[in-house]
Amino acid sequence: MREKYRSILDKASIKPWFIMFKVMLAIIIVEVGIMMLFTMFPLPQLDEYELAFLDAFLLGILVAPMLYLFLLLPLQRQTINEQTNRFLMYDSLTGLPRRNLFRKLVEHEINKAKREAYCVAMIVIGPSDLSRINQSFGYKIGDELLSQLAKRIQSILRESDIVGRLSGNEFGVLLPDTDVRLVKNIIKKISEALEDVFKIDDIQVDIMSVMGVSIFPDHADTASDLIRRANIARTRAKHEKLDYDIYDVQDESASHQRLLVFGQLRSAIKAKELELYYQPKVNLDNGEISGVEALARWVGESGQSPAVFIPLAEQTGLINEITRWVFETAVDQCCEWREKGLLIPVSINVSPRNLYDPDIFDFFMQYVEKKSLPCSMVTVEVTESAIMKHPETAIELLSQLKRHGFKISIDDFGTGYSSLAYLKLLPATELKIDQSFVANILLDEKDEILVRSTVALAKDLKLQVVVEGVETEDVIEKLHSFGCDMGQGYHYSRPLNPDAYIEWHQQWNLDKAHNSSSAPD
Ligand code: C2E
Ligand code: CA
Ligand code: CA
């Protein structure tokens, strides 16, 4: 294949006939020079053999440096250049063109496709789990895996197709003169080829590969854009757990939009455009307020709902900053209420990434100690699916928090993996049944059974049960009859800013006191 690449690129190399010509010219000039010297300064007492010897001697002395200058030096330079180029252009592990060379080859094929009016497809293949394999089996096995993988990909392609290594774990395949049907066919073949177990020494390695496709002229007309868009398609395939995906213009506008929101969110954090709202949790037995859940709000012109900006913050790592801010603000608020004689425990939401942040525990502890707030006034809400990403690490952090007095709530229960085996191991104090079950509890018998049995299960495990999303009195009655401890939802109050919340809080207590004093004995 390299010869094909070479012919495409047609790298300028030293022309042998030109060197020969230069050397011949040099010899002629030197010889003419010597002969002229002999005629100008005739040498006495030398016979013709001695003269011939002297001539050859002088020719040798003078031509040798010229040979070095015109022949050896350029050849040596060319060899070094070729070696360097090869090193820079080809991947030493797989022998495939690296990103830069691959891009040039793609550019060349696109230009040809423009002239001859055909389609060119780009497939970007990314084996996942490569870092896990490197960590588990070592880099030698990882390298061998990559080289076998490259061979398998090459084995099913046509001679005219071009393969390149784009990065550590990304391969690019360029299919000239093709169409969507053909591309799908090739993708199927690549998938099948990579599905088989890789045998390396005595080890059997199984990998998953996700592919993204883009097509010239439909999706891009330059090599860089074609590669980038195939990569965008691959990222979407990965998120949507597909084997492959074909680029869709909307992908990019969605990712542009995400980038835009990300920039705005970062500025919003700096400009203090995030606020905390509070939503009460009410005890179903006696109507007392058991605490509040702190929910982030992005106010200001570019403000978005938490359903948009929290996942974005999770993807980009901004969530570590946000969670620290939420914790500090909620603790400050709790302290402020306490100074006014109101004991209102606060719940804060913690994202998956926070569970694997090695400094989060110290941060929480130092802040409550600084504010002299008992840890028992703070509940950490975490979803079960967040815990299930790395259960051991998550359980360790949550247990540590619980040992120091924090309360732990399992949020959105029922929507994630719901592993009952893990539920037993979780250091939880509270279970929050997701609002999606509550919405239809009066209409759907199955939802009713699910909520009733989950409440019973939680009670057996000595957990407090909160049901979120309660919007009507009927639902509250039903939940109360199941033995639910607390309710949270619009029926009581929407999340409110601190001033509005305290107004609601006082009014609720006033109404409660009024109702109990006017109730018949
Ligand atoms: P979540 O933790 O499950 O929060 C409950 C969501 O349900 C809140 O939405 C709340 O406003 C809404 N809700 C409460 N009662 C009702 C009701 O009766 N009916 C209906 N339809 N909805 C109700 P919100 O505030 O939009 O938050 C959405 C999600 O965003 C939260 O779900 C949570 O996962 C996340 N989130 C919000 N604030 C934070 C935060 O500070 N940190 C983190 N990590 N996540 C947050
Ligand atoms: Ca929550
Ligand atoms: Ca929830």
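Sparsely packed loop sites in the range 82-160 (the GluC sites (Glu not before Pro) outside DSSP H, G, I, E and B with at most 12 other Cβ atoms within 10 Å) comprise Glu159. Scaling the Cα radius of gyration of the range 99-247 by the globular reference 2.2 N^0.38 Å produces a ratio of 1.03. If you take every residue apart from Ser147 with its C-beta less than 12 Å away from the C-beta of Ser147, what net charge results, scoring Lys and Arg +1 and Asp and Glu -1? Its environment carries a net charge of +1. If you sort Ser453, Ser92 by accessible surface, 1.4 Å probe, largest first, the order is Ser92, Ser453. Note on the range 6-89: percent of Cα-Cα distances in each 10 Å bin, starting at 0 and stopping at the bin with the largest distance, equals 15, 33, 23, 15, 9, 5, 0. Per-residue accessible area (protein heavy atoms, 1.4 Å probe) orders Phe57, Phe216 as Phe57, Phe216, starting from the largest. Accessible surface of Met66, taken over heavy atoms with a 1.4 Å probe and every protein chain present, rounds to 60 Å². Relative to the longest principal axis of the Cα atoms of the chain, the long axis of helix 473-482 makes an angle of roughly 90 degrees.
Solvent exposure of the chain, expressed per residue, is 55 Å² of accessible area, with all protein chains present and a 1.4 angstrom probe.
From the Kirkwood radius over Cα pairs of the chain, Stokes-Einstein at 4 °C and 1.567 mPa s returns a whole-number translational diffusion coefficient of 44 µm²/s. Only helices enter the 222 nm calculation for the chain: every DSSP H run of n ≥ 4 contributes -39,500 (n - 2.57), and dividing by all residues gives -18000 deg cm²/dmol, rounded to 500.
Here the range 99-247 is assigned +1 on the Cβ of each Lys and Arg and -1 on the Cβ of each Asp and Glu. Its dipole about the Cα centre then comes out at about 320 debye.
Using the Cβ of Ala56 as centre and a radius below 12 Å, the other residues enclosed give a net charge of -3, where K and R count +1 and D and E count -1.
Its relative contact order, with pairs defined as Cα atoms under 8 Å and 6+ residues apart, puts the range 297-448 at 17 percent. Pairs from the table (Lys112/Lys140; Lys281/Lys371; Lys272/Lys462; Lys140/Lys402; Lys272/Lys407; Lys370/Lys478) lying more than 31 angstrom apart at Cα are Lys112/Lys140; Lys272/Lys462; Lys140/Lys402; Lys370/Lys478.
Using a probe radius of 1.4 angstrom, the carbon and sulfur fraction of the accessible surface of the chain is 55%. Each 10 Å bin, from zero up to the one with the longest distance, holds this percent of the alpha carbon pairs of the range 405-521: 12, 38, 31, 16, 2. I'd like the orientation of helix 318-339 relative to the chain: the angle between its Cα long axis and the longest Cα principal axis, in ° from 0 to 90, rounded to 10. That helix lies at roughly 20 degrees to the long axis. So which chymotrypsin sites (Phe, Trp or Tyr not before Pro) in the range 434-521 end up in coil per DSSP with only 15 or fewer other C-beta atoms within 10 Å? Answer by residue number: Tyr490. Amide H contacts of Ser290: Lys281, Val282, Asn283, each under 5 Å away and 5 or more positions distant or on a separate chain (H built 1.01 Å from N in the peptide plane; Pro and chain starts excluded).
Accessible area ranking (1.4 Å probe, heavy atoms, ligands and nucleic acids excluded), largest first, for Tyr68, Tyr356: Tyr68, Tyr356. Based on C-alpha pairs under 8 angstrom that are at least 6 apart in sequence, the chain has a relative contact order of 9 percent. For the chain, the longest principal axis of the alpha carbon atoms and the long axis of helix 306-316 meet at an angle near 40°. Of the trypsin sites (Lys or Arg not before Pro) in the range 46-135, not one is in a loop by DSSP (not H, G, I, E or B) with at most 11 other beta carbons within 10 Å.
Computed on the Cα atoms alone, the convex hull of the range 261-500 gives a volume of 130 cubic angstrom per residue.
The values are calculated or read from the model by the stated rules, or taken from the named source; none is laboratory data. Since this is a predicted model, take the numbers as computed values, not measurements. Neighbour counts run over all protein chains shown; Cβ positions are idealised from the backbone, glycine included. Note: areas computed on protein heavy atoms with side chains; ligands, DNA, RNA excluded. Shrake-Rupley method; radii C 1.70, N 1.55, O 1.52, S 1.80 Å.
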